[in-house]
Amino acid sequence: MKTLDIRVAFSAVDGLTRPAENARRLMGQFGDSIQRTQGAIKNLERQARSFERARDAVSKADAGIVKARRQLNALNQLQRTGTVLSEKQQKLMQQLSTRLER
């Protein structure tokens, strides 16, 4: 009879403590999930910063190309109107053409 009483008591204790144990286990899993999510967020932030730097570099290069085209077009227009370009202007024209071809 004592064995049965002990089994009943253990069963009752198990029934009372199981929800708490399950909750503790789930909280551990939840904590792991939060850590993985935080790691993913940090990774995305690093990627976003890299993207911003790349975008800024592309914007800067694009602005340089636009400026070079404007200068070259202005020099070509001067040449078409019959203006004699100085050596410096001719050299600049050639440099601009070379840069734009790349």
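Against the test of being surrounded by 10 or more Cβ atoms within 10 Å (Cβ to Cβ), among the small types (Gly, Ala, Ser) and over 20 Å from the mean Cα position of the chain (by Cα), the options ALA54, ALA9, ALA20 yield a single qualifying residue, ALA9. Among the residues of this structure, GLY15 counts as one that is modelled with pLDDT under 95 and of a type outside the set (D, E, K, R). Evaluated against (1) on the phi > 0 side of the Ramachandran plot; (2) modelled with pLDDT of 95 or more, GLY82 falls short on exactly one condition, (2).
Being hydrophobic (A, V, I, L, M, F, W, C) and either touching a Cys at 6+ places or on another chain (Cβ under 7 Å) or at pLDDT 90 or above (or both) holds for only one residue in ILE6, ILE34, and it is ILE34.
Let me confirm something: among LEU72, LEU85, LEU96, which residue is assigned to a loop (DSSP other than H, G, I, E, B), in contact with a helix residue (DSSP H, G or I) (Cβ under 7 Å, 6 or more places away or on another chain) and surrounded by 13 or more Cβ atoms within 10 Å (Cβ to Cβ)?
LEU85
The values are calculated or read from the model by the stated rules, or taken from the named source; none is laboratory data. Predicted model only: the values in this text are computed from it and were never measured. Methodologically, a virtual Cβ is constructed for each residue, glycine included, from the backbone with ideal geometry; neighbour enumeration extends over all protein chains shown.
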